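Working notes, structure below.
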Amino acid sequence: MTFEKVVQSLTKLVDIHQQLISLSEEKTEFIKAGKVEELQNKLLQERKLVLQLEQAEAERQKVISSWFEERGLTEEEKTITSMLAAIDDEEQQAELAAVTTELTEAVTTLKRSEHLNRELLEQSMQFVQMSLHLLNPSLEQMNYGENKQNQPNRDQSMFDSKA
């Protein structure tokens, strides 16, 4: 495998992650605005991108494995650090380091954005639950149960008379 294919596979992952970041930011705005339909549409788009990401990751693994096999490096050595050490060309080293850094930053940004979305959704659910609780008071608060004040004392006879 050529070095270019390795970089191409990593660049493709960066591109997909960038698309996911953009989508995640749009989801954040829809969550804040309470636009459920638009959010559902974004989730469908996200699902398609995740499938693309899985395919791109499988391709990256295949390309990286081939690259390492061609150089006689073992499975344990399959790291970016060992890859950088195996490359003699400084320009290629810099290119690989840059695309790897870009991918790492994209993954980190996506994780942060999705964490924010998860927190916003949890807060929204807590608000909905609280609102439902306020709208649906418990049975104890309603006057549907027995009213002990208006009930006669059952231990006493109804015809309690003096002789």
Positions within region 77-96 being open to solvent by less than 40 Å² (accessible area, probe 1.4 Å) and within 15 Å of LEU10 (Cα to Cα), in sequence order: MET83, LEU96
Residues of region 66-80 satisfying the condition of being closer than 17 Å to THR100 by Cβ and among the polar types (S, T, N, Q): THR79
Scope region 48-68; condition closer than 12 Å to VAL6 by Cα and either among the acidic types (Asp, Glu) or surrounded by fewer than 13 Cβ atoms within 10 Å (Cβ to Cβ) (or both); matching residues: GLU57, GLU59, GLN61
Single match in GLU4, GLU37 (criterion: open to solvent by 40 Å² or more (accessible area, probe 1.4 Å) and farther than 30 Å from ALA97 by Cβ): GLU37
Scan of region 1-54 for residues that are of a type in the set (D, E, K, R), within 13 Å of SER113 (Cα to Cα) and touching a residue at least 12 places away in the same chain (Cβ under 8 Å), ordered by number: GLU25, GLU26, LYS27
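The values are calculated or read from the model by the stated rules, or taken from the named source; none is laboratory data. Given the structure is predicted, the values throughout are model-derived calculations rather than measurements. Please note: Cβ atoms are built from the backbone with ideal geometry, for glycine as well, and neighbour counts cover all protein chains shown. These area figures cover heavy atoms from the full protein model, side chains too; ligands, DNA and RNA do not enter into them. Shrake-Rupley method; radii C 1.70, N 1.55, O 1.52, S 1.80 Å.
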